1. Across the stretch 81-114, what is the total count of residues that are open to solvent by less than 20 Å² (accessible area, probe 1.4 Å) and among the small types (Gly, Ala, Ser)?
2. Between Gly43, Gly16, which is on the phi > 0 side of the Ramachandran plot and not aliphatic (A, V, I, L, M)?
3. Within the stretch 2-9, is even one residue of a type in the set (Lys, Arg), away from the ligand (no atom under 14 Å from the Cβ), modelled with pLDDT of 95 or more and in a helix (DSSP H, G or I)?
4. Could you check how many residues of the stretch 42-64 are within 11 Å of the chain's Cα centre (by Cα) and of a type outside the set (S, T, N, Q)?
5. Please go through the stretch 109-128 and give me each residue that is closer than 23 Å to Glu79 by Cβ and either within 12 Å of the ligand (Cβ to nearest atom) or assigned to a strand (DSSP E or B) (or both), ordered by number.
6. Any residue in the stretch 82-94 that's assigned to a strand (DSSP E or B): show its pairings with residues that are hydroxyl-bearing (Ser, Thr, Tyr) at Cβ separation under 8 Å, as long as the two are six or more apart or on different chains.
7. Among the residues of the stretch 1-35, how many are open to solvent by 70 Å² or more (accessible area, probe 1.4 Å) and in contact (Cβ under 8 Å) with a residue 12 or more places away in the chain?
8. Only one of (1) aromatic (Phe, Trp, Tyr); (2) in contact with a Cys (Cβ under 9 Å, 6 or more places away or on another chain); (3) away from the ligand (no atom under 13 Å from the Cβ) fails for Tyr74. Which number is that?
Amino acid sequence: MNLREKCRLFEFTERGDERGQLVVVEALKDIPFEIKRIFYIYGANEDTVRGRHANKKSDFVFINLAGSCKIRLYDGTEEYVVTLDRPNVGLYVPKLVWKDMYDFSSDAVLLTLSDEYYDPTEYIRGGE
Ligand code: TYD
């Protein structure tokens, strides 16, 4: 499976009306795992580079809730850059894929869902 097939983009339904939009993400329905952890990044800017690691155990879905950012994916063979700039799009990134998050707009809020609790020993740093 190539990197674009492994790192799928999900388009979540926007349940909008005159009051605005509402997006629902349900575990094992809209994304392929049970959620154990969420975390989010904000206050980054165009000079920020985050990530620079792969994970041995964790799978992720990245949802850029406001503003925009880019995620560079690398699996040791291929590279794939995704721009996230819509709050109803999720990028699924399975384990053993290197991730750099960069080119954040100053208003970017990047939400991450994961199927594992935080464990610093499962992070692989370097090796890109
Ligand atoms: P870091 O791994 O540098 O973030 P990123 O992958 O976005 O570059 O994490 C920043 C700090 O937050 C670091 O001290 C570890 C801590 N942290 C947790 O405690 N739990 C978590 O789930 C995450 C992702 C980070």
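The values are calculated or read from the model by the stated rules, or taken from the named source; none is laboratory data. No experiment lies behind these values; they were computed from the predicted model shown. Here the Cβ is made from the backbone with ideal geometry for all residues, glycine too, and neighbour counts use every protein chain on show. Areas reflect the complete protein model, heavy atoms only, side chains present, ligands, DNA and RNA absent. Shrake-Rupley method; radii C 1.70, N 1.55, O 1.52, S 1.80 Å.
1. Result for the stretch 81-114: 3.
2. Values: Gly16 fails: on the phi > 0 side of the Ramachandran plot.
Result of the check over Gly43, Gly16: Gly43.
3. Step one: of the stretch 2-9, the residues of a type in the set (Lys, Arg) are 4, 6, 8.
Those still in the list that are away from the ligand (no atom under 14 Å from the Cβ) too: 4, 6, 8.
Those left that are additionally modelled with pLDDT of 95 or more: 4, 6, 8.
Checking which are in a helix (DSSP H, G or I) leaves us with 4, 6.
Yes, the conditions are met somewhere in the stretch 2-9.
4. Applying the first criterion (within 11 Å of the chain's Cα centre (by Cα)) to the stretch 42-64 yields 51, 59-64.
With the extra rule that they be of a type outside the set (S, T, N, Q), the set shrinks to 51, 59-63.
Matching residues across the stretch 42-64 total 6.
5. First, the residues of the stretch 109-128 that are closer than 23 Å to Glu79 by Cβ: 110, 112, 114, 122-128.
Of everything in the stretch 109-128, those that are closer than 23 Å to Glu79 by Cβ and either within 12 Å of the ligand (Cβ to nearest atom) or assigned to a strand (DSSP E or B) (or both) turn out to be Leu110, Thr112, Ser114, Glu122, Tyr123, Ile124, Arg125.
6. That search, which allows pairs on different chains as well, returns Thr83/Ser68; Leu84/Ser68.
7. To start, the set of residues in the stretch 1-35 that are open to solvent by 70 Å² or more (accessible area, probe 1.4 Å) comprises 1, 4-5, 8-9, 11, 13-15, 18-19, 21-22, 26, 28-29, 34.
With the extra rule that they be in contact (Cβ under 8 Å) with a residue 12 or more places away in the chain, the set shrinks to 4, 8-9, 11, 13-14, 21, 34.
Selection size over the stretch 1-35: 8.
8. (2)
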